[in-house]
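The values are calculated or read from the model by the stated rules, or taken from the named source; none is laboratory data. These figures come from a predicted structure and were not determined experimentally. Here the Cβ is made from the backbone with ideal geometry for all residues, glycine too, and neighbour counts use every protein chain on show.
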Amino acid sequence: MAKREILILGNEKLYEISRPLSIVAREEMEGVAEDLEDTLETFRLEKGFGRAIAAPQIGASVRMIFMKLDEVKKVFINPCMEVLDEETFELWDDCMSFPGLEVKVLRYRSICVTYRDLDWKIQSEVFEGDLSELFQHEFDHLNGVLAVQRAVDMQAFRMKSAE
């Protein structure tokens, strides 16, 4: 497939709730997964960071997340998230949809994610710490929520340094 444009803060499509995918939409599913991978890879080459991307960020209003950690690639289709521990932590979050801006947010320390993979098999994983935060950030995109809407207060914004 191809790299797609990443939608930027203010684009109304970023605030829409994404629709679930079904097995009959296999061609669409595979196409979106390839586009997510290509878009993330291009972003990483250009910007030097980026571990995951959600379908709404490329204008595909479907419940899919692509994650690449080291060399491990994962596609999460129709994910569900369960909080395992009410303990939260605060961090500066950034996003491909608002480059240059960081937002201080609260995230749960430990979650369990159930999802379908590209073979339509049900999978389940526990994420803790930074992976928990990363998944929650991408999961929010599926529900039309951006990190700027989760800011801990009105002083929770800063520009990234241009290093």
- Hits in the range 27-41 - residues which are among the small types (Gly, Ala, Ser) and loosely packed, with under 15 Cβ neighbours inside 10 Å: 31
- Which numbered condition trips up residue 27, out of (1) out of contact with any Gly (no Cβ under 7 Å at 6 or more places or on another chain); (2) in contact (Cβ under 8 Å) with a residue 24 or more places away in the chain? (2)
- Take the residues of the range 30-60 that are basic (Lys, Arg) and touching a residue at least 40 places away in the same chain (Cβ under 8 Å): which is farthest from residue 118 (Cα to Cα)? 47
- Residue match in the range 78-86 (condition: among the polar types (S, T, N, Q), part of a strand (DSSP E or B) and closer than 16 Å to residue 137 by Cα): yes
- Candidate set: the range 42-57, residues that are surrounded by 16 or more Cβ atoms within 10 Å (Cβ to Cβ) and at pLDDT below 95; chosen: the one farthest from residue 137 (Cα to Cα): 43
- Message: For the range 144-163, give me the residue count where each residue is closer than 12 Å to residue 98 by Cα and not in a loop (DSSP other than H, G, I, E, B).
- Response: 5
- Could you grab me the full set of residues in the range 58-77 that are part of a strand (DSSP E or B) and either basic (Lys, Arg) or surrounded by 18 or more Cβ atoms within 10 Å (Cβ to Cβ) (or both)? 62, 64, 65, 66, 67, 68, 73, 74, 75, 76, 77
- Item | Checklist (1) more than 14 Å from the chain's Cα centre (by Cα); (2) surrounded by 16 or more Cβ atoms within 10 Å (Cβ to Cβ) applied to residue 24, failing item | (2)
